[in-house]
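See below for the structure under consideration.
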Amino acid sequence: MPFALLDAPSPFLHQERLGSEAVYEILAEDDEIVTVEVVRAPGLPCGTHVRLLADAARAMERSYLR
């Protein structure tokens, strides 16, 4: 069963770790995998698609694009 990340008010996930910031846009989700697109993240080109475990995506902050 999906975690309904797509149904939340903001389609963006935000994470700050070790002095760096990453922002991802949620594209799709299923039971255990969430596909996101990089808005900005160290070492990853904008537009890169990344697959995350749903639990990891749920642990990130919901965010409006900054």
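Quick notes on this one:
- Among the residues of the stretch 38-52, those that are farther than 19 Å from Y64 by Cβ and over 11 Å from the mean Cα position of the chain (by Cα) comprise P42, G43, L44, P45, G47, T48.
- All of (1) at pLDDT below 90; (2) under 12 Å from the mean Cα position of the chain (by Cα) hold for T35 with one exception: (1).
- The stretch 15-29, residues that are of a type in the set (S, T, N, Q) and free of Cβ contacts under 8 Å to residues at least 24 places away in the same chain: S20
- Selection of the stretch 45-63 for residues being within 14 Å of E21 (Cα to Cα) and either exposed (fewer than 14 other Cβ atoms within 10 Å of the Cβ) or among the basic types (K, R) (or both) yields P45, C46, E61, R62.
- Hits in the stretch 22-53 - residues which are touching a Ser or Thr at 6+ places or on another chain (Cβ under 8 Å) and among the charged types (D, E, K, R): E29, E37, R51
The values are calculated or read from the model by the stated rules, or taken from the named source; none is laboratory data. In this text, all values refer to a predicted model and were calculated from it rather than measured experimentally. Reconstructed Cβ throughout: ideal geometry from the backbone, glycine too, with neighbour counts over all protein chains shown.
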